[in-house]
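Worksheet for the structure shown next.
The values are calculated or read from the model by the stated rules, or taken from the named source; none is laboratory data. Quick caveat, the model's predicted, so the values are computed rather than measured. Cβ atoms come from the backbone with ideal geometry, glycine included; neighbour counts cover every protein chain shown.
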Amino acid sequence: MGLSGGNFLINRFLDFPVVVRYFADLSQVASERLDQLQDPELSIEQAMTDYKRLGYSDNWINQRLKSIEIRKDLTDEWKKRGLQEGVQFATLTDIIYQTWADKTAKEYKQFKGLKKENLRDNMTNKELVLNMLAELSTKEISEVTDLETFNDHINVAQQGGQIARNARLELEAKTGKNVISPLNAKDGIMLKKDNGEEN
């Protein structure tokens, strides 16, 4: 068959409408991703569109996008302090969750019935706000503290989480309602649609 026979087969293969459509779609996605790299605002708009398509409310989407910004500020602070992504970030994140929500990330995901889904994408507005408060407080305390060891970072993560914990406990005492909810995105969206309310 030789090289020319191989080219003939490739050309015949590319004549199939499904293949042509597939490569056109792939080219479109690649083009959009390149556009997003040049203009990050497009990524934000895409995230908003994706969250809306999944049924999230505008209020929740705005909270979630803000939480992404706050999380990035915190991880930037950790990187600036020489901490490593992976185990160190995960350890400090667990400490923050454990302190304000009484659950590690794994326990929190189990409580919400999640497997591989993103925990923050499955938090209610109240949970997102308190998690943002914990992460923002941790970053702010870190910026003004002389941190020499990883234990120092653990202490700061506990302090930041404690600020959100205090707010959670006060809110729960005044409302008589638990802030930490087993609702996940699927349950919350279905509840919102059934009752016409926001989570």
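Looking at the stretch 121-144 only, could you name the residues that are surrounded by fewer than 18 Cβ atoms within 10 Å (Cβ to Cβ) and modelled with pLDDT under 95?
Those that are surrounded by fewer than 18 Cβ atoms within 10 Å (Cβ to Cβ) and modelled with pLDDT under 95: 121, 125.
In the stretch 76-97, how many are surrounded by fewer than 19 Cβ atoms within 10 Å (Cβ to Cβ) and within 18 Å of residue 123 (Cβ to Cβ)?
Within the stretch 76-97, residues that are surrounded by fewer than 19 Cβ atoms within 10 Å (Cβ to Cβ) and within 18 Å of residue 123 (Cβ to Cβ) number 2.
Can you tell me which of 93, 99, 49 is part of a helix (DSSP H, G or I), hydroxyl-bearing (Ser, Thr, Tyr), at pLDDT 85 or above and over 16 Å from the mean Cα position of the chain (by Cα)?
Values: 93 fails: over 16 Å from the mean Cα position of the chain (by Cα); 49 fails: over 16 Å from the mean Cα position of the chain (by Cα).
Of the residues listed, the single one that is part of a helix (DSSP H, G or I), hydroxyl-bearing (Ser, Thr, Tyr), at pLDDT 85 or above and over 16 Å from the mean Cα position of the chain (by Cα) is 99.
Against the conditions (1) touching a His at 6+ places or on another chain (Cβ under 9 Å); (2) more than 22 Å from residue 66 (Cβ to Cβ), where does residue 142 fall short? Just the number, please.
(2)
With 118, 155, 151 as the choices, which residue is outside any helix (DSSP H, G or I) and of a type outside the set (A, V, I, L, M, F, W, C)?
118
Go through the stretch 126-155 and report how many residues are under 26 Å from residue 181 (Cα atoms) and touching an Asp or Glu at 6+ places or on another chain (Cβ under 7 Å).
Within the stretch 126-155, residues that are under 26 Å from residue 181 (Cα atoms) and touching an Asp or Glu at 6+ places or on another chain (Cβ under 7 Å) number 1.
Within the set of pairs 6+ apart or on separate chains, which have a first residue in the stretch 66-78 that is of a type outside the set (Ser, Thr, Tyr), a second that is surrounded by fewer than 17 Cβ atoms within 10 Å (Cβ to Cβ) and part of a helix (DSSP H, G or I), and C-beta atoms under 7 Å apart?
Short answer, once both residue conditions are applied: 77/143; 78/89.
Going by what's in this entry, would residue 61 be described as buried (at least 17 other Cβ atoms within 10 Å of the Cβ), closer than 20 Å to residue 127 by Cα, assigned by TED's automatic domain parsing to the domain that holds residue 156 and touching a residue at least 40 places away in the same chain (Cβ under 8 Å)?
Numbers: buried (at least 17 other Cβ atoms within 10 Å of the Cβ): yes; closer than 20 Å to residue 127 by Cα: yes; assigned by TED's automatic domain parsing to the domain that holds residue 156: yes; touching a residue at least 40 places away in the same chain (Cβ under 8 Å): no.
No: the conditions fail for residue 61.
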